[in-house]
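K.L.:
Here it is, the structure in full.
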Amino acid sequence: MYTREEAKRIKEEFWTRFGQFMALSTSEEGTKVNWINYKTGVKHLYFRMDADNKTAQIYIEISHPDAGIRELMYDQFVEYRLLLEDSLGETWEWDPVYYDDNQRKTARISLSINRKTSIFKQEDWPDLISFFKPRLLALDSFWSTAKYAFEIFK
């Protein structure tokens, strides 16, 4: 078991190394990107990654506080589902209503790693990077095309 400070340090080290590794990759449009804090340019719309002692997950989170707007944003993703899945090369889980860790109502499109991995085991880091990197690049590829359909939500 790790203390809170140790757990925080290990997580920070992983995300720092992942960010350094991803810094070698440019966006679909050829620009430099902060991959850890990917900017969609749309408020309340995020591409996120998470890892803990059991699993890892990458997801699109729609967290607009207005339920109607959140639903419209989700529906826009539904309209672009084929393009998204074509970019990703796989099917993700679609949740029009999802409660985050703080019990806030959001919408989420996600994929979890299909085996037990832990961010606290350095030997699992290559698996985590191999899980996150291609999907983050695929999300960027999708977003370079689809972002114009979301400008109404800016």
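Bear in mind these aren't lab numbers, they're just calculated from the coordinates by the rules spelled out. This one's a predicted model, so the numbers in the text were calculated from it and none came from an experiment. When we count neighbours, we look across all protein chains shown, and the Cβ atoms used for this are built from the backbone with ideal geometry, even at glycine.
K.L.:
Run through the range 102-148 and list the trypsin sites (Lys or Arg not before Pro) located in a DSSP loop whose Cβ has at most 16 other Cβ atoms within 10 Å.
P.N.:
Working: sites: Arg104, Lys105, Arg108, Arg115, Lys116, Lys121, Arg135, Lys147; in loops: Arg104, Arg115, Lys116, Lys121.
Sites meeting the loop and neighbour criteria: Arg104, Arg115, Lys116, Lys121.
K.L.:
Please list, in chain and number order, the residues 5+ apart from Thr106 or on another chain whose amide H is under 5 Å from its amide H, with Hs placed from the backbone.
P.N.:
So Thr106 has HN proximity to Tyr98, Tyr99, Asp100.
K.L.:
Which residues does the label zone of Asp66 cover in the range 82-105, counting backbone N under 16 Å from a point 7 Å along Cα→Cβ?
P.N.:
No residues fall inside that zone.
K.L.:
Scan the range 1-58 for trypsin sites (Lys or Arg not before Pro) in coil per DSSP, keeping those whose Cβ has at most 12 other Cβ atoms within 10 Å, and list them by number.
P.N.:
Numbers: sites: Arg4, Lys8, Arg9, Lys11, Arg17, Lys32, Lys39, Lys43, Arg48, Lys54; in loops: Lys32, Lys39, Lys43, Lys54.
Within the range 1-58, the qualifying trypsin sites (Lys or Arg not before Pro) (loop, at most 12 other Cβ atoms within 10 Å) are Lys32, Lys39, Lys43, Lys54.
K.L.:
For the range 76-154 and the range 15-49, what is the centre-to-centre distance using only Cα atoms, to the nearest Å?
P.N.:
The distance from the Cα centre of the range 76-154 to that of the range 15-49 comes to 13 Å.
K.L.:
I need the shape label for the range 78-154. Rule: rounded when a/c is under 1.5, else prolate if a/b > b/c, else oblate, with a, b, c from the alpha carbon gyration tensor.
P.N.:
Details: a/c = 2.20, a/b = 1.40, b/c = 1.57.
It comes out oblate by the Cα gyration axes.
K.L.:
Quick one, which of [x] 15.8, 47; [y] 20.8, 65; [z] 19.8, 70 is the actual Rg and Dmax of the Cα atoms in Å calculated for this model?
P.N.:
[x]
K.L.:
While we're here: So between Tyr148 and Glu93, what do we pick up on full extension, going 0.36 nm a residue minus the alpha carbon distance? Don't skip to the end; give the middle numbers.
P.N.:
Working: separation 55, 0.36 × 55 = 19.80 nm, distance 2.34 nm.
Roughly 17.5 nm would be gained on extension.
K.L.:
Let me check against my output: what whole-number percent is the relative contact order of the range 20-154, with C-alpha pairs under 8 Å and at least 6 apart? If you can, show how the numbers build up before the last one.
P.N.:
On the way: 183 pairs, mean separation 39.4, N = 135.
Across the range 20-154, relative contact order equals 29 percent.
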